[in-house]
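Below is one structure. I have some questions about it.
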Amino acid sequence: MIIAIDGPAASGKGTLARRLATHFGLRHLDTGLTYRAVAAALLAKGLPLGDEAVALDIARNLDLAQMDKTVLSSHEIGEAASRIAVLGGLRSELVRIQRGFAETPPGAVLDGRDIGTVVCPKADVKMFVTASAEARALRRTDEMISKGNAADYASVLDDLKRRDERDSQRTVAPLRKADDAHLLDTTEMDIESAFKAAVDIVERAMHS
Ligand code: DC
């Protein structure tokens, strides 16, 4: 059983993926963390983000169990991850690792940008989770404030739009809804209603 969840930054896909995994007894992989882990290692070494040979080497030695979401969730690492995500060779290596995770029984929920289109094109269920840029910026701002960080709505919105643009315009595996993915627009939903809608989509797909 493989559930593929794609969507733009701050769409809520990560929370949904984690909760779906718990609900259906599956493992969960936030594939954004794999790009973030490679970017963080490059930043830590002071190496240019375009150095694909080093990035590949880091990716080949990546240990999924060691990826720490708290450490990797910084804004700087997210920006760097989006920049290295255009490197085709690096993507192939990370996709290989992500597929290995997905295909290990009993299956998994993966969330990212290209899960339904590239990583798991034969996933049992595909979802494209989205929300307006304004709604996503508001949620991200609230989340930052609740963690005690400073946050400015206008600059968060600006950053999100720039990241959407970079993630959807790149030539390799751009952010795109797979033709057979269910669209889940959470602009007007809270997390509970979004979760119910997502469970519904999975159950309907399982019984069809
Ligand atoms: O979901 P996130 O913010 O953690 O992702 C960070 C960056 O990694 C995102 O801007 C683009 C890239 N990414 C990708 O290209 N493909 C994926 N499957 C997941 C993330």
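For Lys196, give me every one of the aspartates and glutamates with a C-alpha distance below 19 angstrom, ignoring sequence neighbours fewer than eight places off in its own chain.
The qualifying aspartates and glutamates are Asp6, Asp111, Asp124, Asp185, Glu188.
Can you give the FRET efficiency for Asp180 and Met144, using 1/(1 + (r/R0)^6), R0 = 41 Å, r = Cβ-Cβ distance, to the nearest 0.05?
0.75
Kindly provide the pair-distance distribution of the range 125-208 built from C-alpha pairs, with 10 Å bins from 0 and whole-percent values in order of increasing distance.
Going out from 0 Å in 10 Å bins, the range 125-208 shows 16, 36, 33, 13, 1 percent.
Between Glu79 and Arg60, what is the label-point separation in nm under the 7 Å Cα-to-beta-carbon projection?
Inter-label distance under the simple model: 3.1 nm.
Another question about this same structure. Just need log10 I(q)/I(0) for the range 1-109 at q = 0.22 Å⁻¹, Debye formula, equal scatterers on the alpha-carbon atoms, no solvent, rounded to two decimals.
Debye intensities relative to I(0), on a log10 scale: -1.26.
In deg cm²/dmol, rounded to 500, what helix-only [θ] at 222 nm does the chain give when every DSSP H run of at least 4 residues adds -39500 (n - 2.57) and the total is split over its residues?
-16500 deg cm²/dmol
Multiply the residue separation of Met67 and Ser168 by 0.36 nm, subtract the distance between their alpha-carbon atoms, and state the gained length in nm to one decimal.
Extra length available between Met67 and Ser168 comes to 33.8 nm.
Taking the convex hull of the Cα atoms, report for the range 64-138 its projected area averaged over all directions, in nm².
Reported value for the Cα convex hull: 6.4 nm².
Restricting things to alpha carbons, tell me how big the chain is in terms of Rg and Dmax, in Å.
16.4, 51
Once whole DSSP H runs in the chain are found, which of them have Cα atoms spread over 18 Å or more along the helix axis and a mean Kyte-Doolittle score of at least 0.5?
Helices passing the filter in the chain: 32-45, 191-206.
So, one more: Straight-line reach from Lys45: which lysines have a Cα under 25 Å away, not including same-chain ones fewer than 8 places off?
Counting by Cα, and skipping residues close in sequence, Lys45 has these lysines nearby: Lys69.
Sort Leu90, Leu47, Leu138, Leu110 so that the residue with the fewest other Cβ atoms within 10 Å of its own Cβ comes first and the one with the most comes last.
With the fewest neighbours first, Leu90, Leu47, Leu138, Leu110 line up as Leu47, Leu138, Leu90, Leu110.
Here, each number is a calculation from the coordinates, and none is a lab measurement. Fair warning: this is a prediction, and the values are worked out from it, not measured in the lab. Positions of Cβ are backbone-derived with ideal geometry, glycine not excepted, and every protein chain shown enters the neighbour counts.
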